[in-house]
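Worksheet: one structure, shown below.
What follows draws every value from the coordinates through simple rules; no lab data is involved. As the structure is a prediction and not an experimental result, all values here were calculated from the model.
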Amino acid sequence: MKYLTWLLKAAIFFTLFAFALNNQQDATVYFFFSTYWRAPLVLVVLAAFAGGVVVGVLGMLPGWWKHRSAAVANAPVVDAPTAIVATTVPAPLEPHATLTDVPAARQHGL
């Protein structure tokens with residue numbers, strides 16, 4: 001599985017690298033008042049992507065702040081830190097328990 005993810009990351013990298021190499025010609029982006037920006041096409045695409053990320057994050061901020069303030073307002077109030085002491089000793093494992101008796105843990109990821 002480790003090699004498969006490494007291979008997938010390498011394929012994505014080489015695809016994006018080939019995209020950058022194939023789009024080196026100049027592109028002109030025209031703004032208001034007869035201003036323009038001339039840069040390689042791959043930089044224009046990267047700038048558009050970065051601008052979209054910034055707009056998306058700024059659009060999420062009000063909701064994030066609202067949820068954060070609601071979580072702080074509903075948090076339980078703790079007066080003073082108290083030490084919690086375990087008074088019980090954990091039970092020893094059963095001698096007949098084997099590794100096959102342990103349920104399989106759900107793997108993260110896929």
Problem - In sequence order, calculated HN-Hα J values of segment 56-69 (Karplus, 6.51, -1.76, 1.60; Hz; x Gly/Pro) - result: x, 5, 5, x, 7, 4, x, x, 5, 5, 5, 5, 5, 5
Completion exercise
Reduced to Cα centres, the span from segment 21-74 to segment 4-20 in Å works out to 23
Completion exercise
Residues whose built amide H sits under 5 Å from the amide H of residue 27, excluding neighbours closer than 5 in sequence, are 39, 41
